[in-house]
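J.: Take a look at the following structure, please.
No value in this document is a laboratory result; all are computed from the given coordinates. A quick note: this is a predicted structure, and the numbers were derived from the prediction, not measured. Note: ideal-geometry Cβ built from the backbone for every residue, glycine included; neighbour counts use all protein chains shown.
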Amino acid sequence: MAIEILVPRLGWTMEEGVFVEWLKRDGETVRQGDLIFRLEGDKALTEVESMDDGILRIPPDAPQPGATVPVGALLGYLVAPGERAPFEPSLPVTPSPPLPTSSAPAAPTISPRALRVAKELGVDWAALRGSGRTGRIVEADVRKAAAQSTAQPPTARRVPVSPTRRVIAERMAAGLHVAAPVTLSSEVDATELVRLREQLKQDKKATVIPSYSDLLAKIAAHALLEHPALNARLEEDEIVTDSAVHMGIAVDTERGLLAPVVRDAQAKSLLQIAAETRALIERTRTGKATADELRGSTFTVSNLGMYEIDAFSPVINLPECAILGLGRIVAKQVVTLRPGSIDEIERVSVRRMMTLSLTFDHRLVDGAPAAAFLQRVKHLVEQPYLWLVT
Amino acid sequence: MTQTTGKPLTKERLLALYRTMLVIRRTEEQLARAHQAGLIHGACHTYVGEEAVATGVCANLRADDAVFSTHRGHGHALAKGVNPAALMAELFGRATGVSRGRGGSMHLFAPEVGLMGTSGIVGPCILQAAGAGYSFKLLNTDRVGVAFFGDGAANNGAFHEGLNMASIWKLPALFVCENNLYATEVPFSQSAGNPNVAERSAAYGMPGVLVDGNNVVKVYEAAREAVQRARSGGGPTLIECRTYRTRAHSEGMRDAGYRSADEVEAWKARDPLKLLAAQLPADDIAAVESEVKAQVDAAYDFARNSPYPDPATATTHVFSE
Amino acid sequence: MRELTYTAAAREALAAAMAKDPSIFVVGEGIGARGGNFNTTAGLYDLYGPMRLRDTPIAERGFIGLCAGAAMTGARPVVDFMFLDFILDAMGELINQVAKMQYMSDGRLKMPIVLRGSVGVGGSAATHHSGNYYSIFAHIPGFRVVLPSTPYDAKGLFNTALRGDDPVMFLEHKLLLNTKGPVPEDDYAIPFGQASVVREGGRDCRVTVVALAAMLRKTLDACDQLAKDGISVEVIDPRTVAPLDMDTILQSLHKTGRLLIVDETFAPCGIGAEIAAQAVDRALDDLDAPVKRLNGAHTPTPYSPPLEAAVIPNAATIEQAIRDLLAE
């Protein structure tokens, strides 16, 4: 009995992916555990392993490399030796020998000169039709395309939506329209946090210097243990609250916004979190992160401080319940009043201030518990020893 | 055939001839040792036993006369005035070699003393010597072009074409055939319809002389007459010198099967150095011997201690600029 | 400007050089009183006599070897070999002696020798009088290989050949010998390794054609036809194949993106292959299409006119090759 090879669901929300290429050829023997094809799915490229033994048979009408395929689509079969694949005629046929090369159809070819000109003019040639004798894209094709695109308004450069972008688009839209987002902001005194970080910089034993994202990830994880309502997700009719905090760290990459996940952040030391996020971010930026490393977070922190953003409304990364946004840290004059006085100044001091923005899903949690959580975070930022000793 | 006559040579002249032959002999003996020691990187064809030919001919030449030589050319180079140190350094592949390490045994060049090149190809030297003769005649000089070549080359087309042109244009040239009886290992008697090379001169209308190539005085006298003829516009001469190499064709090569030990011993008994030494006082011979030994020892030290050429020079001088 | 034939232009250079330099002499069969099979030395014997205009025996190996010796010792020989096919007997002298002498002597010997004569297919000369073989010489280190295509170039390049100290193969296509063109009376020399852009393409020009010797005229004829359809072609004559002026070719390729080499002789291992390899090596990013070659057939040269015409490119096949390349 032939075993169907289907497009798997790679993440919680994946609906469709891009079939990239076969790693085995039609007629080739496959063992359980062999990697048989590549699929670009939920924010990552995955090599899919075979769950069974058999001989790979690819139907002539199977999806071609580059095709967008829905989860569950049929890609091919594994058959037993001598067994007929379902798509074959009933007459027995001798198995075809392995193809000498990949069964991928010829990608559009482009002359070296046309490629150079395409780079110079910023023309995306992948979608062009070549006018060369063999369909080769030549310089004239690229220049024609460039002339057409410059005839349009300057913002009209068109790039096909990548699978990654599509996932981001759907999630962000869902975060705003499916959820009931409410954003709370609070200005916090980060002076002690800055001091802590400066001290860590001086510490010769520290192997990494934690970023503010790392510090807030640690603080948020700590606060979430006390406020588990914010570490929750909606699954059909149930609110599921996780005991572990899997902290997503939003990262800007060439492919778009991605959020690598530090698992069990509540149980990890600050330096552990820092080391792990650094490695994860590097792997994410270079496209080496696996799908597993990019999914499963229960809460997310997002930092735009390096872009000199003071405050913003982060969008919830569904199905999570909340996301914490970090603004920049700036020096401000802070007035302290004399105790018991209404307007008598005891002192004016310079403090390092930061605005934290918490967006939460009002469907799962109300304003007061969310505000209490943010307040707890504020206290932990302002008095880091409170969580350092735990 | 022309008979050579003339006054007997002075003792000083004879000692000078002996000295040149000895320089060739001792240098090549040192080269044979160096070959065994791995100092020589390529081929090494010695001239041992044939020294009288180069010595007798070159003693009649000036530095501005042009000699074109063979793959067995150490003797011609030394007799024409190349320093043994520069010769050894060349075979050792050194920058101080006579060809700056480009040639080795078979490509020795010293135009400053009139050595226009030894050669790995049999025959072209005959044509080039004729060409030098053409040049010297065109430029109205009394210089002479000389080709040394073996019995093997006498069967090559270059011999025919070169001697014919030299004769019809009366070029100042000497064609010196060193007939050592074997082209590598093929006996000349088996490869020539008429194994008398000198007689072939008649076919081209030029004088031809057959001399005992182990008798340096006979060679000297024959060459003297030929050089005078050439300088005075009388045209070319073919001189056949019957001689014998007593070592193998090439160092490291087996030397058996194609010639008998008796034959080799018989020729060794007529060694050109022995023949001349017998006519000279023992004291003088001993003095020359020690002088030459010192010179060759110094040459060896010089060559061995010389630097290798800079690889950056490997592609220079392909063209004139 | 006055017009001269190709042969007369080269002879003018030779005559002027002989008048100035007594070390120059010419050898060849029938180049003395007869003035040369192609009138290459007409009138010179009366001026300079047999020592400088030397009729030789039919001994190509011999007189080339002789001239090598003469060049090593102060003279400046010119070998007038009539047909390049004839000096194949002298390949040993040419490659082992003439080409290598300067190098082997570490630059202490010079080799100022000019080897001149006819090459090329035409006039039912058949296979022992139609050789081109220039790629063989371009392959060997030590030769300058010159292929003039016009009377103007013939004089200027011959002057350079006579003034240098290197062996020069000065190869004159037999179909060009009696072609006429403007030739200045003054003394001028065209350096080796300087290609000529014979026909400059317009701004919209999308193809460069390199054409050698007799192929140049045919290529220009093809270009005239293409111009009627508004197709612009840039045409380059390398003039010397060793040294080869790749810079000029690549400059044009940078502009046009396509390269065709039209060469009368055999394709395998030929100069066209060398140009193509260098173009791919040095200018891959300028190529909008594969480099193409249009060569003569890889056969000996037949005699009968229709057979002879079938083994070499002509204006129509060149035109088609250009159209095909533009469609690539």
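J.: Would you mind telling me the antiparallel percentage of the DSSP bridges in the protein assembly as shown, rounded to 5?
T.: So the antiparallel bridges in the protein assembly as shown amount to around 50 percent.
J.: Considering the Cα positions of chain C, please state its Rg to one decimal place and its Dmax as a whole number of Å.
T.: According to the Cα coordinates of chain C, Rg and Dmax are 19.7, 59 Å.
J.: Here is a further query. In cubic angstrom, how much convex hull volume per residue do the alpha carbon atoms of segment A:3-79 span?
T.: Per-residue hull volume (Cα only) is 76 Å³.
J.: Restricting the count to DSSP beta bridges whose residues both fall in segment C:196-327, what percent are antiparallel, rounded to a multiple of 5?
T.: Here the antiparallel bridges make up roughly 20 percent for segment C:196-327.
J.: Name the residue, out of A:Pro81, A:Pro59, A:Pro163, whose mean-square fluctuation peaks in a Gaussian network model built on chain A with Cα pairs under 10 Å.
T.: Result for chain A, Cα springs under 10 Å: A:Pro81 fluctuates most.
J.: Show me B:86-95, B:186-195, A:222-231 ranked by packing, highest mean number of other Cβ atoms within 10 Å first.
T.: Per-residue mean Cβ counts within 10 Å order the peptides as B:86-95, A:222-231, B:186-195.
J.: Per 5 Å bin from zero, what fraction in whole % of the C-alpha pairs of segment C:196-327 is there, up to the bin with the longest pair?
T.: In whole percents, the pair-distance histogram is 2, 11, 22, 25, 21, 11, 5, 2, 0.
J.: Can you give me the relative contact order of chain B as a percent, contacts being Cα pairs under 8 Å and 6 or more apart?
T.: This gives 24 percent for chain B.
J.: Separate question: Just the Cα atoms of segment A:268-348: what Rg and Dmax do they give in Å?
T.: Spelled out, the Cα radius of gyration and Dmax of segment A:268-348 are 19.4, 59 Å.
J.: In terms of modelled amide H atoms, which long-range or inter-chain residues lie less than 5 Å from the amide H of C:Arg293?
T.: C:Ile261
J.: Here's a follow-up. Just counting partner chain Cβ atoms within 10 Å, what average do the residues of peptide C:72-80 show around their Cβ?
T.: Mean partner-chain Cβ count within 10 Å for C:72-80: 6.
J.: Under 21 Å between alpha carbons, and skipping anything fewer than 8 positions from B:Lys7 in its own chain: which lysines qualify?
T.: Partners found: B:Lys218.
J.: Taking each residue of C:284-297 in turn, how many C-beta atoms of other protein chains fall within 10 Å of its C-beta, and what is the average?
T.: Mean inter-chain Cβ contacts per residue within 10 Å come to 4.
J.: Here is a further query. Amide H of C:Val198 versus every other amide H placed in the peptide plane: which residues, excluding those fewer than 5 positions away on the same chain, fall under 5 Å?
T.: So C:Val198 has HN proximity to C:Val235, C:Ile236, C:Asp237.
J.: Ok, one more. By DSSP, what percent of the beta bridges with both residues in chain B are antiparallel, rounded to the nearest 5?
T.: Of the beta bridges lying entirely in chain B, close to 10 percent run antiparallel.
J.: With n ≥ 4 as the cut-off for DSSP H runs, can you work out [θ] at 222 nm for chain C, using -39500 (n - 2.57) per run divided by the number of residues, rounded to the nearest 500?
T.: So the helix-based figure for chain C works out to -10500 deg cm²/dmol.
J.: Expressed in whole Å with the largest first, what are the equivalent ellipsoid semi-axes of segment A:302-390 derived from the C-alpha gyration tensor as the square root of 5 times each eigenvalue?
T.: 29, 17, 14
J.: For chain A, set up a Gaussian network in which alpha carbons nearer than 10 Å are linked by springs, and say which option among A:Arg166, A:Arg133, A:Arg233 fluctuates the most.
T.: Comparing A:Arg166, A:Arg133, A:Arg233 in a Gaussian network model of chain A, the most mobile one is A:Arg133.
J.: Still on this structure: As a test of the formula, what do you get for chain B when each DSSP H run with n ≥ 4 contributes -39,500 (n - 2.57) and the sum is divided by the residue count, at 222 nm and rounded to the nearest 500 deg cm²/dmol?
T.: The helix-only estimate for chain B comes to -13500 deg cm²/dmol at 222 nm.
J.: Sticking with this structure for a sec: Could the peptides A:275-281, C:57-63, C:181-187, C:206-212 be put in order, highest first, of the mean number of other beta-carbon atoms found within 10 Å of their residues?
T.: Ranked by mean Cβ neighbours within 10 Å, highest first: C:206-212, C:57-63, A:275-281, C:181-187.
J.: A further question follows. Summarise the partner chain shielding of C:102-114 as one whole number: the mean count of Cβ atoms from other chains within 10 Å of each residue's Cβ.
T.: Other-chain Cβ atoms within 10 Å of each residue's Cβ, averaged: 6.
J.: Would you order C:Lys155, B:Lys137, C:Lys100 from fewest to most other beta-carbon atoms within 10 Å of each residue's own beta-carbon?
T.: Lowest to highest Cβ neighbour count: C:Lys100, B:Lys137, C:Lys155.
J.: In Å and from the alpha-carbon atoms only, list the Rg and Dmax of the protein assembly as shown.
T.: When restricted to the Cα atoms of the protein assembly as shown, Rg and Dmax are 45.2, 145 Å.
J.: Can you work out D for segment C:66-140 in µm² s⁻¹ from Stokes-Einstein, where Rh is the Kirkwood radius over C-alpha pairs, the temperature is 10 °C and the viscosity is 1.306 mPa s?
T.: The diffusion coefficient I find is 119 µm²/s.
J.: So, one more: Semi-axes of the equivalent ellipsoid of segment C:3-182: what are they in whole Å, largest first, if each equals the square root of 5 times a C-alpha gyration tensor eigenvalue?
T.: 22, 19, 16
J.: Mind pulling the per residue volume of the convex hull built on the Cα atoms of segment A:204-243? Å³ is fine.
T.: In segment A:204-243, the Cα hull volume divided by residue count equals 91 Å³.
J.: Which percent of the Cα-Cα distances in segment B:163-321 go past 23 Å?
T.: Counting pairs separated by more than 23 Å, the tail of P(r) holds 61 percent.
J.: Sticking with this one: Can you tell me which aspartates and glutamates have their Cα less than 14 Å from the Cα of A:Lys119? Leave out same-chain residues fewer than eight positions away.
T.: A:Glu139, A:Asp141, C:Asp285, C:Asp286
J.: Still on this structure: Evaluate 2.2 N^0.38 Å with N set to the residue count of segment C:1-72, then give the Cα radius of gyration divided by it.
T.: Cα Rg divided by the expected 2.2 N^0.38 Å: 1.14.
J.: Using only the Cα atoms of chain B, what semi-axes does the equivalent ellipsoid have when each is the square root of 5 times a gyration tensor eigenvalue? Give whole Å, largest first.
T.: Sorted largest first and rounded, they come to 28, 24, 20 Å.
J.: So which lysines pass the test for C:Lys218, namely a Cα distance under 25 Å, with those fewer than 8 places away in the same chain ruled out?
T.: Filter leaves C:Lys155, C:Lys174, C:Lys180, C:Lys228, C:Lys255, C:Lys292.
J.: Residue by residue through segment B:123-128, which ³J(HN,Hα) values in whole Hz follow from phi under the Karplus form 6.51 cos²θ - 1.76 cosθ + 1.60 (θ = phi - 60°), with glycine and proline marked x?
T.: Taking θ as phi minus 60°, the curve returns x, x, 4, 5, 5, 5 Hz for segment B:123-128.
J.: Through the Karplus equation 6.51 cos²θ - 1.76 cosθ + 1.60, θ set to phi - 60°, convert the phi angles of segment A:76-86 into ³J(HN,Hα) values in whole Hz; use x for Gly and Pro.
T.: My calculation for segment A:76-86 gives x, 9, 10, 10, 7, x, x, 7, 7, 6, x Hz in order.
J.: Another question, if that's okay. Compute the projected area of the convex hull of the Cα atoms of segment B:189-256, averaged over all viewing directions, and report it in nm² to one decimal place.
T.: 6.2
J.: If I histogram all Cα-Cα distances within chain A using bins 10 Å wide from 0, what percent of pairs lands in each bin?
T.: 4, 18, 22, 20, 17, 12, 4, 2, 1, 0
J.: Calculate, for C:Ile58 and A:Ala140, the FRET efficiency according to 1/(1 + (r/R0)^6) with r their C-beta to C-beta distance and R0 51 Å; round to the nearest 0.05.
T.: 0.30
J.: For A:Glu21, which sequence-distant residues (separation of 5 or more, or a different chain) have an amide H within less than 5 Å of its own amide H, given hydrogens modelled in the peptide plane?
T.: Sorted by chain and number, the residues that satisfy this are A:Arg38.
J.: Let me see the pair-distance distribution of segment A:163-388: every alpha carbon pair, 5 Å bin width, integer percents in order.
T.: Answer for segment A:163-388: a P(r) of 1, 7, 14, 19, 20, 16, 11, 6, 3, 2, 1, 0, 0 percent.
J.: Regarding segment A:156-260, what are the three Cα extents along the principal axes, ordered largest first, in Å?
T.: Principal extents (Cα only, largest first): 48, 42, 26 Å.
J.: For segment B:15-30, in order, what is each residue's ³J(HN,Hα) by Karplus, 6.51 cos²θ - 1.76 cosθ + 1.60 with θ = phi - 60°, in whole Hz (x at glycine and Pro)?
T.: Once rounded to whole Hz, the list reads 5, 5, 4, 4, 4, 4, 4, 5, 4, 4, 4, 5, 4, 6, 4, 5.
J.: Right, here's the next one. Name the residue, out of A:Lys144, A:Lys268, A:Lys332, whose mean-square fluctuation peaks in a Gaussian network model built on chain A with Cα pairs under 10 Å.
T.: With Cα springs under 10 Å in chain A, the top fluctuation among A:Lys144, A:Lys268, A:Lys332 is at A:Lys144.
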